[in-house]
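**Q** Here it is, the structure, as structure tokens.
The values are calculated or read from the model by the stated rules, or taken from the named source; none is laboratory data. From a predicted model like this one, the values you see are computed outputs, not experimental measurements. Backbone-built Cβ (ideal geometry, glycine too); neighbour counts: all protein chains shown. Protein only, heavy atoms only, side chains kept; ligands, DNA and RNA dropped before computing areas. Shrake-Rupley method; radii C 1.70, N 1.55, O 1.52, S 1.80 Å.
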Amino acid sequence: MKVETAKRVGDEAVWRKYSDNALPPLLQAALDSFVEHGYHGTTIRTVAARAKLSVPGLYHHYASKQALLVAIVQFAMQDLLVRSEDAVAEAGSSVEEQFQLLIECLALFHAHRSELAFIAASEIRSLEGESRTAHIASRDRQQQMVDDIINQGMQEGIFDAEHPKDTSRAIVTMCTGIAQWYRRDGELSPEELAVRYTNIARMTLGIGSGSRR
């Protein structure tokens with residue numbers, strides 16, 4: 001499924017931009033149902049009714065409830081990975097800037113796409129066979145991006161962490177955890193939250209607050 005890539009639009013990168021209609025209507029109906037009832041508590045009939053389709057009409061697009069879940073989590077991970085890669089590319093050769101923009105990207109994604117990210121994380125237990133293996137591989141790839149940047153920063157003497165791998169995992173977990181609690185009507189906008197989390201992540205690596213956004 002095609003997702004936006006971070007080509008420059010004026011002074012703003014597309015990886016920072018989020019639309020309200022990320023998923024096709026049928027997948028959005030499935031996502032809403034999974035959020036409300038859980039994967040196992042959702043029936044095909046529930047999704048079809050929510051999407052204003054007949055059950056045979058839904059099956060014309062997706063062969064099963066599992067196929068709907070797979071499509072949702074694939075979209076989530078592809079969207080996050082593309083945005084992350086573009087954020088790092090925008091940073092250029094500066095390891096500190098790469099780290100800063102990648103953490104900003106992670107925080108923005110898990111705030112703007114909180115329900116999508118929540119289902120992609122919580123329903124990994126419901127994925128079957130190769131789909132589960134592929135999803136774990138994508139998740140590991142995302143973690144590895146942060147690991148690699150932190151390791152490079154340690155080698156260059158920019159970052160300071162006694163346990164770099166554990167620190168990297170803790171920072172990523174902090175960002176992915178946003179999806180569990182964030183509400184758009186809360187105290188902070190996604191952008192304000194990203195500034196706060198980026199600064200926390202920087203201080204965790206001994207480089208202090210330095211967000212420019």
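**Q** With θ set to phi - 60°, apply the Karplus curve 6.51 cos²θ - 1.76 cosθ + 1.60 along region 144-150 and write out the HN-Hα couplings as whole Hz, x wherever there is a Gly or Pro.
**A** Whole-Hz 3J(HN,Hα) from phi for region 144-150: 5, 4, 5, 3, 5, 5, 5.
**Q** Give the longest segment of the chain that steers clear of GluC sites (Glu not before Pro) in DSSP loops with at most 13 neighbouring Cβ atoms within 10 Å, not counting the sites themselves.
**A** 1-127
**Q** For region 73-213, what % of the accessible area comes from carbon and sulfur atoms, probe 1.4 Å?
**A** Roughly 47 percent of what the probe reaches on region 73-213 is carbon or sulfur.
**Q** Also, I was wondering about something else. Within region 171-196, list the residues whose amide N lies under 19 Å from a label point set 7 Å along Cα→Cβ of Ser94.
**A** 194-196
**Q** Taking 0.36 nm per residue of separation and subtracting the Cα-Cα distance, what length does fully extending His60 through Ala170 add?
**A** That works out to 35.4 nm of additional length.
**Q** State in Å² the accessible area per residue of the chain; use a 1.4 Å probe, count heavy atoms of protein chains only, and round to the nearest integer.
**A** So the chain comes to 51 Å² accessible per residue, rounded to a whole number.
**Q** Can you pull the percent of region 18-57's accessible area that's carbon plus sulfur, 1.4 Å probe, other chains left in place?
**A** Looking at region 18-57 in its full context, I get 53 percent from C and S.
**Q** State, as an integer percentage, the relative contact order of region 9-81 based on alpha-carbon contacts under 8 Å between residues 6 or more apart.
**A** Across region 9-81, relative contact order equals 27 percent.
**Q** Setting aside same-chain residues fewer than 8 positions from Lys65, which aspartates and glutamates have a Cα under 17 Å from its Cα?
**A** Those aspartates and glutamates meeting the cut-off are Asp32, Glu36, Glu123, Glu128, Glu130.
**Q** Is region 116-213 best put as rounded, prolate or oblate by its Cα gyration tensor, with a ≥ b ≥ c the root eigenvalues, rounded for a/c under 1.5, and otherwise prolate when a/b is larger than b/c, oblate when not?
**A** Judged from the Cα gyration tensor, region 116-213 comes out oblate (a/c at least 1.5, b/c at or above a/b).
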